[in-house]
Every structure is written in C-alpha cells, then in structure tokens.
Amino acid sequence: MNKKKASDFFHNEDNLNCAQAVLKFFEDNEIVSDELIAQNKAFGGGRAPEGTCGALYGAMQLLQSAEHNQKAKEFFIKYAGSFECRAIKEAGKISCAKCVDLAADFLDKVSGHDS
C-alpha cells in the first residue's frame, strides 16, 4: 500500500512547514486555498499562537467548533505528551513529521475524510 501521508508534504520540495503540510494534505477541501497555505508559513517551528504545535494549529483551522479544537488538543496530549511545540520537542516522544500525520489523522476521524 503506497498511500500518501500528510508528512509527505512536510519539508518537501516546496519547503512547507508543519502547519502548511497539514493544510496542503487537505487541499481538496474547498476551505483550503493556496492563500491559506501561504499564510501559515509563519506558524511552523513553535510560532503558532500559545506555542501550539504548528501541525495541530493547521488542523484546528479546519475544525468546525471549539469543542473539536479542544478534543484535538487532548488527542495531541495523549499521543505526543503535549499540544505545545516546545514541550513535544523536549519530550522527544514523536517527531515533527509524526505530528503532521497525527494532526491529519485527527482531522480524518472528525471529518470522516478518506485521504
């Protein structure tokens, strides 16, 4: 099985950061535009609001409710140990590329998207 993953877009030839990679993975969604992907250049590497993981931040932009955003944070805490980039990196439990896939997996679960 050679299924494309969100992390395939992370630091690829387009040099997308974690937030952009998650959005690019869901580009077929009518909400995601090239402009939105470009706007998220500033949110990789721990620069998302509140130090949120950029991959998670990218995913949260596509979620439809504050309840889903909270569940996404809880999902990250369960699998990555935190929802904050710095804490995730310091714990060394999962890589940035894995965070990108984790965020995409959560979006798939919530939206029923079959990527």
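The values are calculated or read from the model by the stated rules, or taken from the named source; none is laboratory data. Predicted model only: the values in this text are computed from it and were never measured. Please note: Cβ atoms are built from the backbone with ideal geometry, for glycine as well, and neighbour counts cover all protein chains shown.
In the list K24, K41, which residue meets the criterion of being under 18 Å from V110 (Cα atoms) and not aliphatic (A, V, I, L, M)?
Values: K41 fails: under 18 Å from V110 (Cα atoms).
K24 is the lone residue from the list that is under 18 Å from V110 (Cα atoms) and not aliphatic (A, V, I, L, M).
Every condition in (1) in contact (Cβ under 8 Å) with a residue 60 or more places away in the chain; (2) within 13 Å of L107 (Cβ to Cβ) holds for F9 except the one numbered (2).
Any residue at all in segment 88-97 that is within 20 Å of D8 (Cβ to Cβ) and either under 12 Å from the mean Cα position of the chain (by Cα) or at pLDDT below 95 (or both)? Yes, there is a match, as at least one residue in segment 88-97 is within 20 Å of D8 (Cβ to Cβ) and either under 12 Å from the mean Cα position of the chain (by Cα) or at pLDDT below 95 (or both). Checking each residue in segment 18-32 for being touching a helix residue (DSSP H, G or I) at 6+ places or on another chain (Cβ under 6 Å) and among the β-branched types (V, I, T) picks out V22, V32. Within segment 48-69, the residues that satisfy the criterion of being without any contact (Cβ under 8 Å) to a residue 24 or more places away in the chain and within 14 Å of the chain's Cα centre (by Cα) are P49, M60, N69.
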